[in-house]
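First up is the structure itself, then whatever we jot down about it.
The values are calculated or read from the model by the stated rules, or taken from the named source; none is laboratory data. The shown structure was predicted, so the numbers you read here are calculated from the model rather than taken from an experiment. Glycine gets a Cβ as well: all are built from the backbone with ideal geometry, and neighbour counts include every protein chain shown.
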Number of protein chains: 2
Amino acid sequence: MADLIHKLKHGGGHIKEGSALKSGILLKENNPEQGTIKLGDLVGRNLIIGIPGAFTPPCSSHVPGYVQHYDAFVQKGIKDIYVVAVNDAFVTMAWKEKLGASASQVHFLADDDGSFTSEVGMLFDAKGLLGNKRSKRYVLVVDDGIVKHVFVESEVANVEVTKAENVLGKI
Amino acid sequence: MADLIHKLKHGGGHIKEGSALKSGILLKENNPEQGTIKLGDLVGRNLIIGIPGAFTPPCSSHVPGYVQHYDAFVQKGIKDIYVVAVNDAFVTMAWKEKLGASASQVHFLADDDGSFTSEVGMLFDAKGLLGNKRSKRYVLVVDDGIVKHVFVESEVANVEVTKAENVLGKI
């Protein structure tokens, strides 16, 4: 039923430019017991990066580009960068450390029950490799809760349209 | 329906001493694309340790005891030790490395879709902290596929009856 409602709302596809992010969904950052970040309620122009899995090789090569180019995104008017994975917060915190990004201002968020990822229509069945539903690889530019740009990989393992350097040149 | 069938099979509880592990369920070790270990088909006397979550603090203090006391378990006639988590294999592999256990003979297995954990009646709802269903904390001693000892924590965060030193003294 939840899948059906979702398809009716999103037409089976993902969120589009011009859409508003749903308000109020809490994602976890540094406290696994409690969500603290509401992506739909952020003020200003922010970047959201959805990735299929912490510690997977494609994501571990994808995300460092955003850490490395953080200042260049800020110069483009981006206020903050949020990486979102359907992993638990213990895993996303460990992954941030493993990537050597502990000191980075890039936020690593756990959408551990997939609520946010489902709401933006980016869940897909990753049962074969990861055991459950995960996030497609995508980037959203969101301004005061309104989606301004959407980049989605047609193959989740690819890092092409969502690559930091590509997104930097398009926003 | 799956939950109901499971309760009918297991009486809502976990696997008991004298029960046979189901044959054929594949768990992943070093290759996330394919399961390679069938716990129900192992020959000899083996130890299976179920843990709620890779990278969580209780599990990260629990599992090293088995790495440290590996030789003592072997002296007790244990052939191999298998740690099982409802995490994906990228995460269990990264966790093994993080625990400094890369050189250890302890196997870290990903039950990424929860098949094995469900079969032994050890799944529980960890939605609040981890987003989905995970494994209770337990230890099984299994001899040629028959369960000989069962140790289960009444509270999953506890490391008491399943502690390596305790299990060593009881088998």
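A few points about this structure:
- Close contacts from the range B:130-158, counting a first residue that is free of Cβ contacts under 8 Å to residues at least 12 places away in the same chain and a second that is in a strand (DSSP E or B) and buried (at least 22 other Cβ atoms within 10 Å of the Cβ), with Cβ to Cβ under 9 Å and a gap of 6+ residues or different chains, come to B:GLY131/A:LYS28; B:GLY131/A:ALA110.
- Selection count where residues are part of a helix (DSSP H, G or I) and aliphatic (A, V, I, L, M), scope the range B:40-57: 0
- Scanning the range B:79-94 for residues that are buried (at least 20 other Cβ atoms within 10 Å of the Cβ) and either within 21 Å of B:GLY40 (Cα to Cα) or touching an Asp or Glu at 6+ places or on another chain (Cβ under 7 Å) (or both) returns B:ILE81, B:TYR82, B:VAL83, B:VAL84, B:ALA85, B:VAL86, B:ASN87, B:ASP88, B:ALA89, B:THR92.
- Against the list (1) surrounded by fewer than 23 Cβ atoms within 10 Å (Cβ to Cβ); (2) away from chain B (no Cβ under 11 Å); (3) within 25 Å of B:GLY131 (Cα to Cα); (4) touching a Lys or Arg at 6+ places or on another chain (Cβ under 6 Å), the condition A:ILE37 fails is (4).
- Of the set (1) at positive phi; (2) among the hydrophobic types (A, V, I, L, M, F, W, C); (3) surrounded by fewer than 16 Cβ atoms within 10 Å (Cβ to Cβ), all apply to B:VAL43 but (1).
- Lone unmet requirement of (1) more than 12 Å from the chain's Cα centre (by Cα); (2) within 11 Å of chain A (Cβ to nearest Cβ); (3) buried (at least 18 other Cβ atoms within 10 Å of the Cβ) for B:ARG134: (1)
- Any hit, the range A:7-25, residues being at pLDDT 95 or above and in a strand (DSSP E or B): yes
- Condition check for B:GLU97 on (1) surrounded by fewer than 23 Cβ atoms within 10 Å (Cβ to Cβ); (2) closer than 17 Å to B:LYS38 by Cα: one failure, at (2).
- Only residues that are closer than 21 Å to B:VAL141 by Cα and hydroxyl-bearing (Ser, Thr, Tyr) were counted across the range B:20-59, and they come to 2.
- Pick from the range A:13-34, criterion aliphatic (A, V, I, L, M) and within 16 Å of A:HIS149 (Cβ to Cβ), ranking: surrounded by the most Cβ atoms within 10 Å (Cβ to Cβ): A:LEU21
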